[in-house]
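I have placed the structure first, in the form of structure tokens, so that the comments after it can refer back to it.
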Amino acid sequence: GTESIRDIYEASNLDSDALAFILVESIFSIRKIFSAMEKVFAGSLHCLENTKIFINISTPDGMEMITDLEKIVLPSFLNKSNFVFNFDRRSLTRIYKNFRDSNFEYSDYEEEINPIIQQKIVILNNLDYLTSLSGGIEKKSIENILNNQISPNYIKTGLFSIPLNKSSKLNYFNHVRTYQVIEAKLLNLMKESLYNRYDYINQRQIHLVN
């Protein structure tokens, strides 16, 4: 959320170099982010100098908000290079196409949705903000992104945000794929850990009841 004080506290305790706000749809929400960060980092605002703040754009309202970003006055402890506006392409497609669920391939709608997002990237580029794309990050999609003159600064694939590099399409795809493989392994470890914790709790409850 835009004012997740506890989550921001935990991120600061972990010395995180990035914060992600999953659903942001208004200028008011962004101002709440400023307020929350000022509360959490009071007395150590200088620590935010190199922190990346990912603003997830996943709804039409979020897309519309971008046209009003010039109204934002950044607090003194932040600058535009702190912000990365990420376009969640699958979420946007699901809403624009009125799908009930996410059981679809983004590649089937990429030619329709990408130009809509690119218009917003142009606005953000002109305002000196950074941008990112997520959702449907596959080889063909990466090729389309690399071939386009209007490109994001990052590709976000699940847990990782990877700076865009157009020098070699094949090398970049392999680079992204490496992180996707790492993420799959991490998710499997997390799944096993949660299962083991659940199994312990379940067995403990049985013993206590009996």
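Please name whichever of Pro75, Leu45, Leu92 sits farthest to the positive end of the charge dipole of the stretch 45-112, dipole taken about the Cα centre and charges placed at Cβ: Lys and Arg +1, Asp and Glu -1.
Going by the charge dipole, the pick is Leu45.
Which percent, to the nearest 5, of DSSP beta bridges fully inside the chain are antiparallel? Numbers along the way, then the final one.
On the way: 4 of 21 bridges.
Once the DSSP bridges in the chain are tallied, antiparallel ones form about 20 percent.
Just one of (1) 7, 29, 32, 21, 7, 3, 0; (2) 7, 24, 31, 28, 9, 1; (3) 8, 35, 39, 15, 3, 0 is P(r) over Cα pairs in 10 Å bins from 0, in percent calculated from these coordinates, so which is it?
Here P(r) over Cα pairs in 10 Å bins from 0, in percent agrees with entry (1).
Check Phe83: other-chain or 5+ apart residues with amide H under 5 Å from its amide H, H built from backbone geometry?
Here the answer is Ile53, Leu130, since their amide H atoms fall under 5 Å of that of Phe83.
Could you work out how far the C-alpha centroid of the stretch 55-132 sits from that of the stretch 1-34, in angstrom?
Using only Cα atoms, the two centres lie 17 Å from each other.
If contacts are Cα pairs under 8 angstrom and at least 6 residues apart, what is the relative contact order of the chain in percent?
That works out to 14 percent.
When only DSSP loop residues count, what GluC sites (Glu not before Pro) in the stretch 87-170 have their Cβ near at most 11 other Cβ atoms within 10 Å?
Glu105
Taking only protein heavy atoms and a 1.4 Å probe, what accessible area per residue, in Å², does the chain have with all protein chains in place?
60
Let me know the shape class of the stretch 1-53, please: from the alpha-carbon gyration tensor, a ≥ b ≥ c as square roots of the eigenvalues, rounded when a/c is under 1.5, otherwise prolate if a/b is greater than b/c, or oblate.
prolate
Could you tell me whether the stretch 78-179 comes out rounded, prolate or oblate from its Cα gyration tensor? Rule is a ≥ b ≥ c as square roots of the eigenvalues, rounded for a/c under 1.5, then prolate if a/b exceeds b/c, otherwise oblate.
Details: a/c = 1.59, a/b = 1.14, b/c = 1.40.
Oblate, because a/c is 1.5 or more while a/b does not exceed b/c.
Give me the percent of accessible area attributable to carbon and sulfur for the chain, probe 1.4 angstrom.
49
Taking 8 Å as the Cα distance limit and 6 or more residues as the minimum spacing, I'd like the relative contact order of the stretch 1-62 as a percentage. If you can, show how the numbers build up before the last one.
Values: 68 pairs, mean separation 29.9, N = 62.
Reported relative contact order: 48 percent.
Using a 1.4 Å probe and counting only protein heavy atoms, arrange Arg177, Arg90, Arg197 so the residue with the most accessible area comes first.
Result, largest first: Arg197, Arg177, Arg90.
Of all GluC sites (Glu not before Pro) in the stretch 1-34, which ones are in loop regions per DSSP and have a Cβ with at most 13 other Cβ atoms within 10 Å?
Working: sites: Glu3, Glu10, Glu25; in loops: Glu3, Glu25.
Qualifying residues, ordered by number: none.
Taking only DSSP H segments of four or more residues, each worth -39500 (n - 2.57), what value at 222 nm results for the chain once the sum is divided by all its residues, to the nearest 500 deg cm²/dmol?
So the helix-based figure for the chain works out to -16000 deg cm²/dmol.
Set the bar at 30 Å for Cα to Cα. Now go through Lys32/Lys156; Lys52/Lys166; Lys32/Lys191; Lys80/Lys191 and name every pair that lies beyond it.
With Cα atoms farther than 30 Å apart: Lys32/Lys191; Lys80/Lys191.
Can you list the aspartates and glutamates whose alpha carbon sits under 16 Å from that of Lys140, skipping same-chain ones fewer than 8 residues off?
Glu105, Asp108, Glu110, Glu111, Glu112
The values are calculated or read from the model by the stated rules, or taken from the named source; none is laboratory data. This one's a predicted model, so the numbers in the text were calculated from it and none came from an experiment. Counting neighbours? That spans all protein chains shown, and the Cβs are built from the backbone with ideal geometry, glycine included. These area figures cover heavy atoms from the full protein model, side chains too; ligands, DNA and RNA do not enter into them. Shrake-Rupley method; radii C 1.70, N 1.55, O 1.52, S 1.80 Å.
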